[in-house]
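*Asks:* Before anything else, here's the structure in question.
Throughout, read-outs are computed from the coordinates displayed, never taken from laboratory work. Note that the coordinates shown come from a computational prediction; the quantities given were computed from them, not determined experimentally. Using ideal geometry, Cβ is built from the backbone for each residue, glycine included, and neighbour counts are taken over all protein chains shown.
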Amino acid sequence: MESVAELVAARWGDHRPGLWCEDRFLSHHDVAAGAAVRAALLADLLPPGGPPHLGVLLDNTPEFPLWLSAAALAGAAVAGINPTRRGAELARDILHTECCLLITEQVHLPLLSGLDLPGVRILVTGTAEYDALLAPYAGARPDPSRAAPADRVLLYFTSGSTGAPKAAICTQGRLAAAGRALAAQFSVRPDDVHYVCMPMFHGNAVIADWAPALAAGAGVALRRRFSASGFLADVRRYRATYFTYVGRAVQYLLATEPGPDDRDHALRLGFGTEAGVVDAAAFERRFGVPLVEGYGSSEGGAAVQWTPGTPPGAVGRARPGLVVLDQETGAECPAAVFDDVGRLLNGEAAIGELVNRGPNPFEGYWRNPGAEAERRRDGLYWTGDLFYRDADGYLYFAGRTDDRLRVDSENLAAAMIENILARYEGARAVAVYAVPDPVTGDQVMAAVAGDFEPGAFADFLRAQPDLGTKMAPRFVRVMERMPVTATNKIHRALLRREGVGCADPVWWRPPGERTYRRLTAEDAEGPLVSTRGPSTVRRQGLEPRTR
């Protein structure tokens, strides 16, 4: 098995363009040399006997891939630290992963002010002190023999709606294999340029964008933070051929003003998750770039690969061992049934959790045996993601298990309702989530960014043949812009937490009524709207009481 260290060392002597960021340029050789310098420094700074872990609290700057490469050469592991975390949560991430070093930059130093980080040495890039630390190692050369495929190289936090983030372990062998596989799948060439605009503290950017470029000897162009308005200018400037995305980023790109030169670029494809059939088709029509949907659980326990012939909306064909199981009974779910235009008709029965019964490369969580046991129940790998399978074995993503709603004893997948609501002409973006029912279970709430007219929306819902009787939203929050996480995914946990008591206008459809009206403060305190939990704390968006 190959190590990431070997891939890094292979670029020594390669003077082709290798790394771009804003006005800075490095050759592949420069990157390998810079990694060797940092690896030599690491060897002297890492304490003997302790976990060889370093935290990286950086935007997408050249220092991030340099330290990833350095850690690989040194047999160490990088914990990507999320700069949107604050206070005790930020300190917890650094200390939980037992980082003895923290690499950061001046712009993020205020985040660390006042934090108690015992035993953590902080290196600030771009300073005279930092340059002085590196200077004695200027002659270092990359030596891959100090690392092995079984060495940890990444500790990356998985996003979740409940509890503290879990640090998934990724070894050098798994990361190198993932890079090789994606490079082969997408025929990545040495003259390609991978545009990394998703944050590198997350697995999407490192595993699906940086690693295949490293494996193929392709170039990497960095964007400090994702920018929809700067996207086309960047891909033209760097002649980028490939990028990764999440669905919300695609929506942001589609929301930019169309131009006559939208296809004036070298992009061949985008690879990511949750773009949706409608947005993927719109993106290809406008920019001439196909979006390839993929699926791989963050922890590596299951993956689905797109192949030619995959139906629209599907992720790919199920590999041996991948099954969709009912979460309550553990039985395999029946195949999906579609109508003449491809709408799912038996979602309640067909949607279940994707489970891997076969061998899988899940390498565990750092210091979290309880979370590991939850993933490995009954000797199987439970992904925590909802899917359904068609009669030909193709799999379709249906959301996270955390996004499942239970309405009047029926299980509903939020993603399926979102796919229907996305047809509403006024919607730029839609999110569906549960709010507590006053008696038991959940009620359906939707957030809609865009234009909303209550009468037209009610008429639209009645016209949708695949909208089940329990699926119509009880509440609709009308927003200018969806809240997003640091990885550009819709911040569903925040939406659930705010519920009906949010600052935005909320419309609701009382039981037995066919139309929507503004939710008032009096409604929110009445018996038909739940007052359990924090959902009614904030009332700026509620209509005044009626008397």
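*Asks:* What number comes out for the charge environment of Tyr130, summing +1 per Lys or Arg and -1 per Asp or Glu over other residues with Cβ under 11 Å away?
*Replies:* So the surrounding residues net to -3.
*Asks:* If you build the convex hull over the alpha carbons only and average its shadow over all orientations, what do you get for segment 27-126? Give it in nm² to one decimal.
*Replies:* 6.1
*Asks:* Once the Cβ-Cβ distance between Ala391 and Gln185 is put in as r, and R0 is 25 Å, what FRET efficiency do you end up with, to the nearest 0.05? Could the numbers behind the result be given before it?
*Replies:* On the way: r = 25 Å, r/R0 = 1.02.
Calculated transfer efficiency: 0.50.
*Asks:* Kirkwood hydrodynamic radius for segment 386-498: how many Å is it when counted over pairs of different Cα atoms?
*Replies:* Taking every pair of different Cα atoms in segment 386-498, averaging 1/r and inverting gives 14.7 Å.
*Asks:* Using the crude model of +1 on Lys and Arg Cβ and -1 on Asp and Glu Cβ, and no other charge, please compute the dipole size for the chain relative to its Cα centre, in debye to 20.
*Replies:* 400
*Asks:* Turning to a different aspect of this structure: Just to be sure I follow the definition: excluding the sites themselves, where is the longest run in the chain that has none of the GluC sites (Glu not before Pro) in a DSSP loop with at most 10 other Cβ atoms within 10 Å?
*Replies:* 1-327
*Asks:* For labels at Glu22 and Ala148 in the simple 7 Å Cα→Cβ model, what's the distance in nm?
*Replies:* Taking the two extended label points, one gets 4.1 nm.
*Asks:* Near Gly468, within a Cβ-to-Cβ distance under 10 Å, what is the net charge of the other residues, with Lys and Arg +1 and Asp and Glu -1?
*Replies:* Charge balance near Gly468 sits at -2.
*Asks:* At 7 Å along Cα-to-Cβ for each site, give me the label-to-label distance between Asp264 and Val337 in nm.
*Replies:* Label at Asp264, label at Val337, 5.3 nm between them.
*Asks:* What FRET efficiency do you get for Ala138 and Asp451 if R0 is 60 Å and r is their Cβ-Cβ distance, rounded to the nearest 0.05?
*Replies:* Working from the Cβ atoms, E equals 0.50.
*Asks:* Would you mind getting me the FRET efficiency between Ser113 and Ala233? Use the beta-carbon distance for r and R0 = 56 Å, nearest 0.05.
*Replies:* Working from the Cβ atoms, E equals 0.95.
*Asks:* Go through segment 245-251 residue by residue and turn each phi into a ³J(HN,Hα) via Karplus (6.51, -1.76, 1.60, θ = phi - 60°); whole Hz please, and just put x for glycine and proline.
*Replies:* Ordered by residue, 3J(HN,Hα) equals 8, 10, x, 5, 4, 4, 4 Hz.
*Asks:* Projecting each Cα onto the charge dipole of the chain (Lys/Arg +1, Asp/Glu -1 at the beta carbon, about the Cα centre), which of Ile417, Ala178, Val430 comes out farthest on the positive side?
*Replies:* Val430
*Asks:* Also, I was wondering about something else. With the cut-off at 1.5 for a/c, could you classify segment 428-472 from its C-alpha gyration tensor as rounded, prolate or oblate?
*Replies:* The shape class here is oblate.
*Asks:* Right, something else. How much length is gained if the chain between Ala255 and Ala493 is pulled fully straight, taking 0.36 nm per residue apart and subtracting their Cα-Cα distance, in nm to one decimal? Show your work: numbers first, answer last.
*Replies:* Numbers: separation 238, 0.36 × 238 = 85.68 nm, distance 2.39 nm.
The Ala255-Ala493 span can extend by a further 83.3 nm.
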